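Notes for the one structure printed next.
The values are calculated or read from the model by the stated rules, or taken from the named source; none is laboratory data. Since the structure is predicted, the reported quantities are computational estimates derived from the model, not experimental observations. Here the Cβ positions follow ideal geometry from the backbone for every residue, glycine too, while neighbour counts run over all protein chains shown. Calculation scope for accessible area: heavy atoms of the full protein, side chains included, ligands and nucleic acids excluded. Shrake-Rupley method; radii C 1.70, N 1.55, O 1.52, S 1.80 Å.
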Amino acid sequence: MTQPGFSASKAERYALWVDYLLIIVMLVCASISMVQFIQRIYTGWDASYVIFLVIVILIERLVTFKKIQSLELEQKIIYHAAEFVTFAILLKLFGYFLHGFWGFLDDLSRWQGDFLTFFTGEYFFVLILLFISWLLCGKFVEYLEEMRIDPLDVNWDVGILENRRQLARSAMISLIISVGVGMVSASILTRLDITALFGESPTLQLPVINILVYFLAAFLFFSQTQFVLLNGRWMWHDVQIRPGLEKSWFKIGTFFLLAVSILSFILPTSYTVSILDLLRIVFTFITQILFFIFSLLFLPIGWLFSLLKGSPPTAEVSQSPDFTSLIPPAATQQVPPFLLLLQSLLFWTIFIGLIVLSFSIYFRQNKLHLSLGKVDFIRSVRSWIASMFSWFRQARISVARSIKLLQKQVGIRLQPKPHKQPKWEPFSGRLSPRQDVIRGFIRLVEEVESVGVIRKPDQTPSQFAHTLQKSITDSGEDIQAVTDTFLFARYSRREISRETSMEFTSLQKRIIDSLEKYKSSRQE
Amino acid sequence: MILTLIFFIILLVILGAMTGDSFVFTVIYFISISIILSNWWLNYIIRKVKVERKFPSHVFPGEVVSIDLVAENTSILPAPWLFLQESVAVELAPAHPIRHAFNLGSKANHQISFKLFPHKRGYYSLGPLSLTSGDLLGLLPEAYQRFAIDFITVYPRIFSISNVSLRSRSPMGGIKNYQPLNEDPSRPIGKRDYRSGDSLRRIDWKSSATTRKLQVKVFEPSIAYQTLMMLDLNPSGYYQKSIYDGSELAIEAAASLASWLNAKKQAFGLVSNGIDSLTNHLALQFPPRSGSANLMKILETLARIRLSSSQSIEEMLLQKFPGLPSGTSLIMITGHCDAMLFTQLERCFLLGKDIVLILCGEVPGLQEIKRKAGILSIPVYHLSSNKDFKGWQLP
């Protein structure tokens with residue numbers, strides 16, 4: 001096992017270089033999108049060298065970052081200013097290297113007259129792009145440094161450091177997502193044909209693999225930073241870490257994300273039918289199938305009726321549903337219409353399904369459904385519905401009681417009693433109401449014990465009722481009523497009426513129903 | 001973090017719906033599938049990883065207990081990371097906190113071993129053991145699983161005893177006695193010539209035929225110790241300064257005596273007014289029985305027993321005395337002996353019971369107690385520390 005505590009191991013240096021590589025990949029992919037967007041505006045611009053410059057700038061930033069961290073603020077500003085000027089000049093020289101040095105002397109005399117001519121359009125854009133890449137790279141490395149484990153950190157408050165690291169990671173993710181939004185927007189604009197924005201210049205259907213590579217690298221970066229976060233937490237808490245964990249983490253993360261990428265490629269992304277049209281098609285299809293089945297089932301009856309009618313039966317066989325009419329006429333001849341419909345169906349199902357799943361995971365993780373229950377309006381609606389049901393239940397009991405009373409008084413049976421096999425119960429029918437109540441309570445205690453609420457020998461019925469109310473919270477009043485009735489029957493000398501005994505039985509049944517729900521919820 | 005991604009997905013959906021560009025949907029798929037699969041994977045793994053504890057459930061103080069935790073991944077998917085934390089009672093004193101981070105491949109297992117050093121008797125819990133895992137991307141909350149608690153019983157220390165003067169009035173038994181009052185027909189020691197008055201059943205016909213003279217068998221007298229130990233664990237039965245030390249000594253004395261009596265293959269029992277930590281009720285009472293099974297049950301109870309003010313030793317003696325079988329010796333283990341207890345002991349003595357009094361801890365007025373006990377011929381032993389057990393050993 002790796003001993004707890006920090007050591008600048010080979011594995012950690014390896015992990016750091018992996019993180020740097022991922023940062024370079026992400027920012028290069030982002031730069032490609034920006035360059036493509038500018039190429040959309042200035043068609044014919046050869047921008048292949050820009051990516052090379054971006055890589056150089058990023059490497060420079062990564063290498064020098066740690067060296068300048070130890071400088072004071074003033075020194076840092078001076079260093080960065082010098083760095084910027086150096087790169088601006090080097091970029092200019094590189095431009096002349098590409099386009100030829102013969103224009104250099106001409107431009108030199110022009111700069112003497114008006115220095116602003118130093119910043120040509122292409123030069124300015126490339127400078128801005130390099131500066132933004134440099135800035136973003138610095139930000140990422142800063143966040144990585146914030147998350148890095150330092151042996152001196154063990155002397156600090158674990159909670160504060162942990163929070164700072166979490167915040168750094170969250171900020172990094174937000175930055176990555178923001179860059180992703182920019183990239184996707186730029187790529188969309190590159191491929192859109194909007195004359196108002198771009199004039200007559202044609203759209204560019206350039207490959208967008210860089211966007212997918214960006215997100216792949218980004219998610220791999222999330223995975224690596226998550227490991228860094230956990231590693232730090234484990235270090236502080238003296239956790240024994242199995243050797244090779246970081247390598248297997250990287251391997252599993254890479255395989256997982258590659259598998260997800262392949263899956264994302266395979267899934268359908270284009271559709272020919274909109275969602276509403278598709279729903280219309282599906283419902284029409286289902287209706288036609290049902291109609292066909294219905295007509296098949298009633299064919300014999302139709303034939304019989306036709307015999308009564310006296311005319312020879314016409315063999316009206318229901319037409320099978322016409323699927324071809326459902327397909328929109330815009331389907332191309334190359335792909336069979338049925339396949340196009342299937343493609344659209346598949347696309348919308350998967351697309352909407354994924355969105356709904358993602359949202360549901362988010363809701364469940366944050367327990368939003370519980371929070372919604374706390375909203376006053378929803379709470380009042382729920383309590384109103386519950387009270388309505390309770391009223392209906394009470395009304396049903398009162399009506400049943402009234403009917404029984406009426407039956408007894410009038411002596412008329414309103415409906416015949418269903419003949420049931422009598423269930424043999426010992427002493428049934430020969431017990432008095434008092435004995436019924438006592439026996440019913442004992443049976444209730446036995447039922448309750450079967451779900452794990454066991455009555456202690458020294459517990460009084462009231463104490464047991466209190467214990468039971470804690471387990472079955474929605475039958476609190478019933479439990480109290482049953483216990484009071486039992487105490488009355490068991491210990492008082494007053495007469496117990498048959499109605500009291502029947503009411504006891506109905507309360508007992510309600511509690512047993514609640515027990516069943518409690519049992520099934522515990523099993524879940 | 002997941003909220004940021006959700007908003008990003010919403011934005012992509014809007015952009016995709018407006019433009020119909022296919023790569024937007026691919027990005028949406030990539031992000032959504034990553035979240036969904038990570039969530040499913042995490043929940044699947046945490047259910048499929050099982051952890052088993054392997055350890056001896058009963059040990060003696062001073063033993064080094066080796067515990068193995070075996071984590072097994074029963075699923076076909078690997079577990080990227082797992083964090084295992086085991087809780088152990090402070091008294092068992094593990095060398096360092098038991099916290100491990102590891103990964104598990106598909107159908108793989110990983111063993112974690114650590115040692116415990118119990119130095120005090122008791123009934124200790126091992127666990128709960130918690131297992132934590134999370135997704136690779138760190139977007140989702142971590143998932144937890146807790147495993148059942150196990151228990152380890154540390155028996156009280158047993159000191160070897162070889163010289164305890166316990167008297168017995170039981171006519172038959174397994175221990176040799178030099179008092180030729182009761183002969184044990186299962187222990188023949190020789191033969192002698194027949195004398196007038198000898199029972200015909202004692203004639204050894206084979207040797208009589210050989211010697212042509214009537215020979216009778218001679219048997220060795222024996223006794224049986226049937227002993228009931230009464231262990232007082234009422235705090236009022238001990239001097240205030242030595243409640244815990246004295247009561248622990250008393251428990252060790254009871255355990256040592258039980259072990260000694262078992263080695264002698266005698267019947268022994270235990271009653272106590274202490275509380276069993278497992279049930280939180282008065283400890284089980286053990287009537288005198290022989291056998292190792294009885295010893296283990298008594299040792300297990302003594303491991304878990306603790307002080308209780310529920311019943312005094314006098315009440316217990318009053319309760320148990322009528323049920324004592326004849327010939328039973330009574331060993332009273334307590335921290336004091338006041339007038340009330342002496343009254344009870346006197347009653348027992350007058351009714352023919354043999355009594356031994358063992359006083360543990362600091363005992364004020366020890367000499368007076370010994371004097372009074374001497375009147376009743378009750379041997380008194382005083383244990384103020386573990387070293388006093390040496391007095392019970394033969395030189």
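Among what's in the range A:152-169 and is within 12 Å of another protein chain (Cβ to nearest Cβ) and open to solvent by less than 40 Å² (accessible area, probe 1.4 Å), pick the residue that is modelled with the lowest pLDDT. Write out each step before concluding.
Our first condition is that a residue be within 12 Å of another protein chain (Cβ to nearest Cβ); within the range A:152-169, this holds for A:165-167, A:169.
Those left that are additionally open to solvent by less than 40 Å² (accessible area, probe 1.4 Å): A:165, A:169.
Numbers: A:R165: 86, A:R169: 90.
So the residue we want is A:R165.
Take the conditions (1) among the acidic types (D, E); (2) more than 8 Å from chain B (Cβ to nearest Cβ); (3) more than 29 Å from A:Q343 (Cα to Cα); (4) surrounded by fewer than 18 Cβ atoms within 10 Å (Cβ to Cβ); A:D277 misses just one of them, which is (3).
Considering the range B:232-271, and only residues there that are aromatic (F, W, Y) and buried (at least 24 other Cβ atoms within 10 Å of the Cβ), the residue that is farthest from the chain's Cα centre (by Cα) turns out to be B:Y238.
When we screen A:T467, A:T460, A:T505 for residues that are modelled with pLDDT of 85 or more and in contact with a helix residue (DSSP H, G or I) (Cβ under 7 Å, 6 or more places away or on another chain), the only hit is A:T505.
One residue alone among B:L139, B:L82 is open to solvent by less than 10 Å² (accessible area, probe 1.4 Å), within 30 Å of A:T254 (Cβ to Cβ) and within 14 Å of another protein chain (Cβ to nearest Cβ), and that residue is B:L82.
Have a look at A:F283, A:F292, A:F255 and point out the one that is more than 8 Å from every other protein chain (Cβ to nearest Cβ) and at pLDDT below 85.
Result of the check over A:F283, A:F292, A:F255: A:F283.
Looking only at residues that are part of a helix (DSSP H, G or I) and open to solvent by 30 Å² or more (accessible area, probe 1.4 Å) in the range B:42-68, which one is farthest from the other protein chains (Cβ to nearest Cβ)? First the steps, then the outcome.
Step one: filter the range B:42-68 for residues part of a helix (DSSP H, G or I), giving B:42-48.
Next, only the ones that are open to solvent by 30 Å² or more (accessible area, probe 1.4 Å) stay: B:43-44, B:47-48.
Working: B:N43: 10, B:Y44: 13, B:R47: 14, B:K48: 16 Å.
Residue satisfying both the conditions and the ranking: B:K48.
Just one of the listed residues (B:G246, B:G197) is outside any strand (DSSP E or B) and over 23 Å from B:I313 (Cβ atoms), and it is B:G197.
Is it the case that some residue within the range B:15-31 is among the hydroxyl-bearing types (S, T, Y), without any contact (Cβ under 8 Å) to a residue 40 or more places away in the chain and more than 12 Å from every other protein chain (Cβ to nearest Cβ)? It would help to see each step written out before you state the result.
Keep residues of the range B:15-31 that are among the hydroxyl-bearing types (S, T, Y), which gives B:19, B:22, B:26, B:29.
Narrowing the set further to residues that are without any contact (Cβ under 8 Å) to a residue 40 or more places away in the chain leaves B:19, B:22, B:26, B:29.
From the residues that got through so far, the ones that are more than 12 Å from every other protein chain (Cβ to nearest Cβ) too are none.
Scanning the range B:15-31 turns up no residue that is among the hydroxyl-bearing types (S, T, Y), without any contact (Cβ under 8 Å) to a residue 40 or more places away in the chain and more than 12 Å from every other protein chain (Cβ to nearest Cβ).
Which residue pairs have Cβ atoms closer than 6 Å, lie 6 or more positions apart in sequence or on different chains, and pair a first residue in the range A:215-228 that is more than 7 Å from every other protein chain (Cβ to nearest Cβ) with a second residue that is assigned to a helix (DSSP H, G or I) and open to solvent by 10 Å² or more (accessible area, probe 1.4 Å)? Listed by first residue and then by second, the contacts come to A:L216/A:S261; A:A217/A:L22; A:A217/A:V25; A:L220/A:L22; A:F221/A:L22.
Out of the residues in the range A:229-245 that are aliphatic (A, V, I, L, M) and open to solvent by 10 Å² or more (accessible area, probe 1.4 Å), state the one that is farthest from the other protein chains (Cβ to nearest Cβ). Once the filter is applied, the top-ranked residue is A:M235. Among the residues making up the range B:85-125, those that are open to solvent by 40 Å² or more (accessible area, probe 1.4 Å) and of a type in the set (D, E, K, R) are B:E91, B:R99, B:K107, B:K115, B:K120.
For (1) surrounded by 12 or more Cβ atoms within 10 Å (Cβ to Cβ); (2) small (G, A, S); (3) modelled with pLDDT of 80 or more, each residue gets a yes or a no:
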| site | (1), (2), (3) |
| --- | --- |
| A:I301 | no, no, yes |
| A:L308 | no, no, no |
| A:A315 | no, yes, no |
| A:P321 | yes, no, no |
| A:I355 | yes, no, no |
| A:D376 | no, no, no |
| A:S380 | no, yes, yes |
| A:I385 | no, no, yes |
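Of all residues in the range B:344-387, those satisfying the criterion of being under 23 Å from B:L261 (Cα atoms) and surrounded by fewer than 16 Cβ atoms within 10 Å (Cβ to Cβ) are B:G352, B:S377, B:S385, B:N386, B:K387.
Taking the options B:G352, B:G391, name whichever one is in a helix (DSSP H, G or I) and of a type in the set (G, A, S).
Details: B:G352 fails: in a helix (DSSP H, G or I).
Among B:G352, B:G391, only B:G391 is in a helix (DSSP H, G or I) and of a type in the set (G, A, S).
Scanning the range A:357-370 for residues that are within 14 Å of chain B (Cβ to nearest Cβ) and either at negative phi or modelled with pLDDT of 70 or more (or both) returns A:L357, A:S358, A:F359, A:S360, A:I361, A:Y362, A:F363, A:R364, A:Q365, A:N366, A:L368.
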